[in-house]
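Colleague: If you scroll down you'll find the structure; I have some questions about it.
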Amino acid sequence: MCRGAKLWILVSSWLVATGWVLSAFSAMNQTGYLLSLAIGGVAGAVALAKNGGFDLVAWQRELQRLPRRFRRPAPRLFLLLAVLTLAGGLLYRDNNGDSDSYRIPRVLHWLAAGQWHWIRTLHPLMNISECNFSLLSTPLMLFTHTDRLIFLLNWIPFLLLPGLVFSFLKSLGVRARVAWWWMWILSSGWGFVFQANSTANDSFAAIFVLAGVVLALQARAEGRTDKALLALIAISFTTGIKLTNLPFGLLWLVIMVPAWRLLLRRPLLTLGAVALSLLVSFVPITVTNLQHTGTWSGLTKDSPIHATELHSPFWGIIGNTFCLTTQNLMPPFFPQADQWNAMMDRFVQSPAGAPFRDFTHFGVLGRDCHSVNESNAGIGAGVCLLTAISLMAAWRLRPNRAAAAPFHPPGRWLRLVPWLLLLIFMAKVGTVQSARHLTPYYITLFPLLLCRAGIPELARQRWWQLAVNLLLVVALSLVILNRDRPLFPALTLSQALAREFPEAKFPHQLAKSFGSQLGQTRLQTFLSTNLPATEAKVGYAAFMEADEPMLWQPWGIHTVERILPTDQPADWRAAGLHYIVLESYYLKEIRQDLADWLKAHDCILVADCAKNASPTDTSHLYVTRLAGPGD
């Protein structure tokens with residue numbers, strides 16, 4: 001397994017653990033992180049020295065081999081994918097809804113307070129959701145004073161993915177030639193490609209899962225305690241990203257239980273690794289949820305959002321079979337998505353759809369979802385179709401069983417475990433975007449499929465190799481045509497077409513599809529124009545909206561105080577608040593119109609901005625000011 005993956009696991013785990021430790025001492029600041037990095041650097045240098053030091057000759061040899069790795073089309077196309085995703089991340093700020101509504105804002109609140117803390121907010125996910133991705137973002141935002149570079153936390157693992165996929169497939173008995181081809185196929189899955197330059201945190205977990213399995217298998221084969229413990233840290237880390245990754249702990253146990261004595265050979269190292277594993281796992285957030293809400297998940301009966309845990313495993317498996325199939329087979333562009341979603345909403349309300357009412361919006365492809373993107377992509381229709389074609393073609397190419405030499409690859413039973421984990425996921429999880437949440441699982445399912453007879457013969461077929469390269473070309477096209485981060489002059493083209501064909505609808509549709517960044521810029525300009533730079537603190541009355549990161553810009557001008565329905569004007573004045581930014585959805589949630597809210601809270605409307613140009617979306621952003629003596 002590549003050294004880069006091991007280094008990424010160690011650095012990520014160290015920084016997440018650092019976040020929790022610094023929070024305990026109210027030292028989540030530059031000094032605290034610099035001290036932690038110095039300690040980690042010294043520890044790394046000592047460990048490197050004990051293992052023979054830095055092998056410069058080996059690195060030179062590896063660099064000399066590097067050009068040869070890109071002689072064939074597939075690795076070249078993946079390299080181009082990496083370059084284009086990096087360009088998209090650098091050119092555009094990601095406007096992922098979950099990141100902007102809670103993952104990024106909570107980091108800003110932590111840094112303002114110098115520690116992780118239970119934030120005063122109506123949005124429960126700012127407090128109760130797993131923290132690893134946010135804690136890893138914290139030092140990046142602290143030292144760069146921007147959230148523009150958070151995408152690197154996904155892009156760097158994306159670079160490591162092909163090598164890890166190859167090691168994973170080979171570890172579970174897949175032939176080397178087959179593993180080589182499928183490492184490019186699986187790494188070009190749409191969920192991985194779209195999230196490579198985003199701030200989503202689903203594909204982020206995949207390399208920890210793959211590395212954990214490879215390291216555990218190597219530890220058992222080589223009798224290496226250090227690899228077994230690094231595998232434990234990697235798998236524990238995935239549970240601190242999302243609780244849907246919790247079943248991967250079973251995968252580690254299945255591998256390591258037969259070799260449990262390895263963990264006793266070096267007790268001090270094992271104790272330290274277990275402590276680090278607990279810090280980077282779901283345990284810290286579970287403890288804080290129990291302290292503040294009385295439930296391990298943080299969700300109570302009065303919570304404004306509800307758990308997506310299903311009550312019937314049978315109907316969960318049936319329902320998720322349908323949902324995962326439809327979401328993964330969604331075409332790259334699907335203008336009929338709204339009609340499909342409306343049809344599924346009607347189905348759930350019918351007697352036939354009653355068993356699926358535990359699901360969150362059963363069967364929908366996502367709201368405002370006319371194309372595949374980072375919020376709804378699973379492994380993708382391209383990989384699914386190529387897999388189906390490959391299995392059918394392999395069946396025709398399978399060798400004569402009587403004439404062929406018997407082949408019993410290692411890990412036959414282990415290849416079944418990920419499918420068992422898939423059933424657990426399907427039985428319990430009823431989220432609206434299950435295909436996206438399943439992203440870390442997909443690659444683990446393939447060893448069982450790729451050890452079938454005929455697959456090695458298929459990998460030698462010229463037509464099949466061309467199909468793989470075509471799949472990578474399609475992934476490249478989707479990166480270029482990404483609605484949120486287009487790598488072609490979409491708006492310039494739409495304006496030129498509008499001048500040439502003033503009556504045509506297509507130029508306006510093109511501008512609307514690729515104009516999401518303009519909307520963000522417009523809102524940012526609105527806020528910077530109407531919020532005085534002299535205000536040190538700004539109030540924000542919102543529920544689950546995604547506009548708070550803009551209120552903190554430019555960095556260091558404002559801090560943001562969340563507003564609750566029970567707040568009174570006297571409380572705001574005592575806290576030094578003069579301006580309140582108000583979301584129209586917040587008013588809808590508390591069932592109050594703007595005029596009544598202004599009167600009840602002694603505020604004056606300063607400015608009003610319609611957030612979207614769509615006639616079906618009437619949401620607004622208001623800037624209000626507390627009335628003064630002259631008002």
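What follows is calculated from the coordinates using simple rules that are stated; it is not laboratory data. None of the values given here were measured: they were computed from a predicted structure. Backbone-built Cβ (ideal geometry, glycine too); neighbour counts: all protein chains shown.
Colleague: Quick one: check the C-alpha center-to-center distance for region 284-351 versus region 1-43, whole angstrom.
Modeller: That distance is 34 Å.
Colleague: Enumerate the amide H contacts of G223 below 5 Å, restricted to partners 5 or more residues apart or on another chain; note that Pro and chain-start residues carry no placed amide H.
Modeller: Residues meeting the criterion, in which the H sits 1.01 Å from N, do not exist here.
Colleague: Net charge near L397: determine it from the other residues with C-beta under 11 Å of the C-beta of L397, scoring Lys and Arg +1 and Asp and Glu -1. Write out the running numbers ahead of the final one.
Modeller: Working: positive: R396, R398, R452, R460; negative: E457.
Computed value for this residue: +3.
Colleague: Quick one: length gained pulling L329 to H620 fully straight, 0.36 nm per residue minus the C-alpha distance? Walk me through the intermediate numbers first.
Modeller: Details: separation 291, 0.36 × 291 = 104.76 nm, distance 3.51 nm.
Full extension from L329 to H620 adds 101.2 nm.
Colleague: Cross-link partners among lysines for K611, C-alpha distance below 28 Å, same-chain residues fewer than 8 apart left out?
Modeller: Candidates past the 8-residue exclusion: K505, K512, K537, K588, K599.
Colleague: How big is the Rg/Rh ratio for region 244-299, C-alpha atoms only, Rh by Kirkwood, two decimals? List each step's numbers first, then the result.
Modeller: Working: Rg = 14.4 Å, Rh = 13.2 Å.
Here Rg/Rh amounts to 1.09.
Colleague: Another question about this same structure. By how many degrees, between 0 and 90 and to the nearest 10, does the Cα long axis of helix 3-24 differ from the longest principal axis of the chain?
Modeller: Computed tilt is about 40 degrees.
Colleague: What does the C-alpha gyration tensor say about the overall shape of region 1-113? Classify as rounded when a/c is under 1.5, otherwise prolate if a/b is larger than b/c, or oblate. Walk me through the numbers before you get to the answer.
Modeller: Values: a/c = 3.46, a/b = 1.24, b/c = 2.80.
Oblate, because a/c is 1.5 or more while a/b does not exceed b/c.
Colleague: Karplus couplings for region 221-234 from phi (6.51 cos²θ - 1.76 cosθ + 1.60, θ = phi - 60°), rounded to Hz, Gly and Pro as x?
Modeller: 6, 9, x, 9, 5, 4, 5, 4, 6, 5, 5, 4, 4, 4
Colleague: To test your reading of the geometry: what angle, between 0 and 90 degrees and rounded to tens, separates the Cα axis of helix 152-171 from the longest principal axis of the chain?
Modeller: Tilt relative to the chain: about 20 degrees.
Colleague: For I39 and W296, calculate 0.36 nm times their separation in residues minus their Cα-Cα distance, and state this gained length in nm to one decimal.
Modeller: 89.2 nm
Colleague: Could you work out how far apart the two model spin labels at F143 and L493 are, taking each label as a point 7 Å from the Cα in the direction of the beta carbon, and quote it in nm?
Modeller: The modelled label-to-label distance comes out at 3.9 nm.
Colleague: I'd like the orientation of helix 104-113 relative to the chain: the angle between its Cα long axis and the longest Cα principal axis, in ° from 0 to 90, rounded to 10.
Modeller: 70 degrees
Colleague: With the Cα gyration tensor of region 406-547 giving a ≥ b ≥ c as the square roots of its eigenvalues, does the rule (a/c under 1.5 for rounded; else a/b larger than b/c for prolate; else oblate) give rounded, prolate or oblate? Write down the numbers at each step before the final one.
Modeller: Numbers: a/c = 3.68, a/b = 1.64, b/c = 2.25.
Cα axes put region 406-547 in the oblate bin.
Colleague: Here's something else I'd like to know. Can you list, bin by bin at 20 Å, the percent of alpha carbon pairs in the chain, starting at 0?
Modeller: Result, from short to long distances: 17, 51, 28, 4, 0 percent.
Colleague: Also, quick follow-up: Rounded, prolate or oblate: which one fits region 130-254, using the alpha carbon gyration tensor with axes a ≥ b ≥ c (rounded when a/c is under 1.5, else prolate when a/b beats b/c, else oblate)?
Modeller: oblate
Colleague: Give the residue list of trypsin sites (Lys or Arg not before Pro) in region 66-139 that are DSSP loop and have at most 14 other beta-carbon atoms within 10 angstrom. Show your work: numbers first, answer last.
Modeller: Numbers: sites: R68, R69, R71, R76, R93, R103, R106, R120; in loops: R71, R93, R120.
Answer by residue number: R71, R120.
Colleague: Nothing charged except the Cβ atoms of Lys and Arg (+1) and of Asp and Glu (-1): what's the magnitude of the dipole of the chain about its Cα centre? Round to the nearest 20 debye. Could the numbers behind the result be given before it?
Modeller: Numbers: 53 positive and 36 negative charges, 723 e Å.
With Lys and Arg at +1 and Asp and Glu at -1, about 3480 debye.
Colleague: Considering only DSSP beta bridges where both residues belong to the chain, give the percentage that are antiparallel (nearest 5).
Modeller: Numbers: 14 of 21 bridges.
Taking every DSSP beta bridge with both residues in the chain, the antiparallel ones total about 65 percent.
Colleague: Ordered by packing density, taken as the mean number of other Cβ atoms within 10 Å over each peptide's residues, highest first, how do 138-145, 331-338 rank?
Modeller: Most protected by this proxy first, the peptides run 138-145, 331-338.
Colleague: Separate question: For the pair Q349 and A575, what calculated FRET efficiency results from E = 1/(1 + (r/R0)^6), where r is the Cβ-Cβ distance and R0 = 51 Å, to the nearest 0.05? Walk me through the numbers before you get to the answer.
Modeller: Working: r = 45 Å, r/R0 = 0.88.
So, using R0 = 51 Å, E works out to roughly 0.70.
Colleague: Near W182, within a Cβ-to-Cβ distance under 12 Å, what is the net charge of the other residues, with Lys and Arg +1 and Asp and Glu -1? Mind dumping the intermediate values first?
Modeller: Working: positive: K170, R175, R177; negative: none.
Local charge sum for W182: +3.
Colleague: Then there is this: Determine one quarter of the surface area of the Cα convex hull of region 531-626, which equals its mean projected area, and express it in nm² to one decimal. Intermediate results must be reported in sequence, preceding the final value.
Modeller: Numbers: hull surface 24.6 nm².
Taking the Cα atoms of region 531-626, their convex hull projects to 6.2 nm² on average.
Colleague: Here is a follow-up. What order do you get for 219-228, 585-594 when each peptide is scored by the mean count of other beta carbon atoms within 10 Å, highest first?
Modeller: Numbers: 219-228: 17.6, 585-594: 14.2.
Order by mean packing, descending: 219-228, 585-594.
Colleague: In nanometres, what is the gap between the two model label sites at I156 and W555, each 7 Å from Cα along Cα-to-Cβ?
Modeller: Those two pseudo-labels are separated by 1.7 nm.
Colleague: Give me the distance in nm between label points sitting 7 Å out from Cα along the Cα-to-Cβ direction at A342 and L420, one decimal.
Modeller: 4.6 nm
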